[in-house]
Amino acid sequence: MRKEGYIRTNPKIAREEFDEIKSFILITFDNFSPNRVDSKFMDCTVNFDIICYDDEWDLEGFKIRPLTIAGYIDGILNSITN
């Protein structure tokens, strides 16, 4: 869809010093509160921001890089909690 002009992003971020990097994952922790069951631990919200250059999004087969990365993160977290 990008080739046909349906998807366009401007301005585009230059990649001079990060040529080999295709994605960035920012992990932030927020809303810390005491755990109700065990006071030795804290509960918090974990946010994942997946940032990709627009020319690296398309992975063929109707897959896009940010959602694929999010799927991997989801799978890792689900395997830990089960």
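Values in this text are rule-based calculations from the coordinates and carry no lab data. Note that the structure is a prediction, hence the values are computed from the model and not measured. Positions of Cβ are backbone-derived with ideal geometry, glycine not excepted, and every protein chain shown enters the neighbour counts.
Please go through (1) outside any strand (DSSP E or B); (2) loosely packed, with under 10 Cβ neighbours inside 10 Å for residue 21 and return the number of the only condition it doesn't satisfy.
(2)
Take the residues of segment 54-82 that are in a loop (DSSP other than H, G, I, E, B) and of a type outside the set (Gly, Ala, Ser): which is nearest to residue 22 (Cα to Cα)? Step through it out loud before you land on a result.
Within segment 54-82, the subset in a loop (DSSP other than H, G, I, E, B) is 57, 59-63, 82.
From the residues that got through so far, the ones that are of a type outside the set (Gly, Ala, Ser) too are 57, 59-60, 62-63, 82.
Working: 57: 9, 59: 12, 60: 15, 62: 18, 63: 15, 82: 31 Å.
Among those residues, the one meeting the criterion is 57.
If residue 51 satisfies all but one of (1) assigned to a strand (DSSP E or B); (2) farther than 25 Å from residue 3 by Cβ, what's the number of the condition it fails?
(2)
Taking interchain pairs and intrachain pairs at least six residues apart, which have beta carbon atoms under 8 angstrom, with the first residue in segment 16-45 and in contact (Cβ under 8 Å) with a residue 40 or more places away in the chain and the second of a type in the set (A, V, I, L, M) and part of a strand (DSSP E or B)?
23/50; 23/51; 25/50; 25/51
Filtering segment 58-72 down to residues that are within 13 Å of the chain's Cα centre (by Cα) and either without any contact (Cβ under 8 Å) to a residue 24 or more places away in the chain or exposed (fewer than 14 other Cβ atoms within 10 Å of the Cβ) (or both), which residue is nearest to residue 25 (Cα to Cα)?
As a first pass, look at segment 58-72 and keep what is within 13 Å of the chain's Cα centre (by Cα): 64-72.
Of the ones still in play, those that are also either without any contact (Cβ under 8 Å) to a residue 24 or more places away in the chain or exposed (fewer than 14 other Cβ atoms within 10 Å of the Cβ) (or both) are 64, 67-68, 70-72.
Numbers: 64: 15, 67: 12, 68: 13, 70: 10, 71: 13, 72: 12 Å.
Checked segment 58-72; the qualifying residue nearest to residue 25 (Cα to Cα) is 70.
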